[in-house]
Structure formats: structure tokens, C-alpha cells
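As C-alpha cells, the structure follows; a few thoughts come after it.
Just so it is clear, none of the values below were taken in a lab; they were calculated from the coordinates. Note that this is a predicted model, so its numbers are computed, not measured. Methodologically, a virtual Cβ is constructed for each residue, glycine included, from the backbone with ideal geometry; neighbour enumeration extends over all protein chains shown.
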């Protein structure tokens, strides 16, 4: 027994020390630098030193100014228009891979080019699949995004894909407002699943709007399915671009007797004229998140922006530590 104990003691003595996990290395493209800095602040880690600029002819130039060999790298960059945003992400992924990063995760707060996710007319592309292929080929080992326009886009990626939702942030915000006689409204039939989830979490009734598009740039609300008279309505959607659907839905429920009208949308893309439509609409307050940067122009007082830095930071930390993200998929 003494010999056995001494042998075990010798084995324990020569065991190598457990390797300490290096911190996640977080870098940002120009489209999401502010959000990436907020994520780093939440995680108490410095943002990575990378130069993302342009050559004199306008082409994207990328250089990592620190050693990332063997590191777990996260690149934060929204991929909406202009196309330079997507190109920056692709070049950064390629640079990180060629710098021998152990794993590279594309963190896309807003996944652009998602509207064409199926071939619904002759001679049309499936842009979402094309972009998924580009991101994978460029060197991404994993992808992380928030509130896809269509959940099926997850299947376009041949790498592990994590799809988060802004629902916890939105629900906490509207829950604190303590709105009485609350009704959740889906601006279109495609958003019914999202609206139902919000209605369940807020303990509210669900109302649907039926719309049609006589032209690609026009929307007509045909019917309101449900009772909104004298109620406080909250319209939830994943993205607001022209704001035509959102504003017409608000006008339709106001015509049916709704008292106060709010809206919660994850991605505030805002094409020219969208903010003017929102200001002129019956919407009392539009709540968005910072998945899309709006530093170039101030938002009107009617628009409230919430930060998703905490949620994305938690996801980044769990991915880095190989822990489950399932509790975040709500």
C-alpha cells in the first residue's frame, strides 16, 4: 500500500499544470466598432488592435496589429448596406485565418442580404445563401447573429451557427413601462411567430394585420384580426427599413380605436424618409437596438435605442469557454 501511495504521489507531482484559458480576442469592423467596444467593456477586456481602412483606390485594407496565433478571435461587424461592410468582414476573416487564429467567429449583429432567402420568382438570386457561402469560405469557423429576417437562413451555413433574439431586452423594457390593457400586434403575417412569443411573455393578447403589396415599394393594410379598441398596442418586428409597413399598421390599429401605439424592432436600418414617416405616424415610441450604427445622424426623440452589448457579450464569453448558449435562445 505504501508503494502504491508513493507512486500516485509521484504521478500527481509530475502532472502538468492546467492550461489557463486565454481571454477572447475581439476585433471590430467600421460598421460595429461602437458595439464591439461596449461588448469589450462588459467583458472587461480591451478591444483588439486592427486597422480597417481603405487603399487610395477605395479597396478595403485590413491589418491586425497584434499577434493572434492560436487565439479565439471574434470579429464584430454588421453586414448590411453599403457592401463595404460585408467586404470588411470577409477580408478580416481571411486575415485572421491567415494569421493562424485557432478559431474565428463572425459576430454579425445585423445579417444583411437576408431578404432574398428563397427563389420566389424567375431569374432571382438567393442572396442570403451566397453571403453565407462567402463568410464560410473567407475563414469563419462559427457565426453568431441576432434576429434573422428568416430563421431558415441558419441552414445556409455549413458551420456552427448561433441565433440570438432581442426579445429579453425588449420584454424587460416594455415590462418596466407597466402598460395597461396591452395587445401585441404583428405588422404582417410573416411576423406572427415572433409576435406570439412576445404576447406570451408579456401576458398580452395577440392581434394580426393582413397586408398586401400592390407594388414592391408599396404596402396596403387590408384587415385587422383581433380587438384593439381602447387598448395599448405594441407592434413587434425584426427590421424596419422604409417603415411603410410599420406606420400603416399603426394607422390601421388607430383607426380601429387603439389608445396608445408603441413599436419594438430589433434592427433599425432606416432608408431615406423612414424616420420622417415614423415621426409623422401615430406611433408614440419606437424602440430599436444598436445592431445597426446610427452615429452618422441623431435619432428623433420618438426613437429609443437599447443596447444588446450585454447579450452579445454573454454569448461571446460562453462560446469562448465552450459553455451552452441554450438559455440565451429565448
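Remarks
- Most mobile of 176, 102, 244 in a GNM of the chain (Cα contacts under 10 Å): 176
- The computed Rg/Rh (Cα atoms, Kirkwood Rh) for the structure shown corresponds, within [x] 1.07; [y] 0.93; [z] 1.17, to [x].
- In nm, spacing of pseudo-spin labels at residue 97 and residue 115 (7 Å Cα→C-beta vector): 2.9
- Sum of -39500 (n - 2.57) over DSSP H runs of 4+, divided by residues of the chain (222 nm, nearest 500): -10000 deg cm²/dmol
- Seen against the Cα atoms of the chain and their longest principal axis, helix 83-98 is set at about 10 degrees.
- Evaluated over the Cα positions of the stretch 128-260, the convex hull gives a direction-averaged projected area, one quarter of its surface, of 9.1 nm².
- Most tightly packed first, judged by the mean number of other beta-carbon atoms within 10 Å of their residues, the peptides 117-123, 48-54, 252-258, 90-96 read 90-96, 252-258, 48-54, 117-123.
- Using alpha-carbon coordinates, inclination of helix 244-255 to the longest axis of the chain, degrees: 50
- Degrees, to the nearest 10: 2-14 long Cα axis against longest axis of the chain: 60
- Separation between Cα centres of the stretch 146-166 and the stretch 307-327, rounded to whole Å: 15
- Rounded to the nearest 5, the antiparallel percentage of DSSP beta bridges internal to the stretch 167-306 is 20%.
- Relative intensity, log₁₀ I(q)/I(0), of the stretch 56-184 from a Debye sum that treats every alpha carbon as a point, q = 0.10, 0.17 Å⁻¹: -0.41, -0.91
- Residue among 282, 168, 298 with the largest mean-square fluctuation in a Gaussian network model of the chain, springs linking Cα atoms under 10 Å: 298
- For the chain, the antiparallel share of DSSP beta bridges with both residues in that region comes to about 20%.
- Note on the chain: GNM, Cα springs under 10 Å; of 148, 179, 86, the largest mean-square fluctuation is that of 179.
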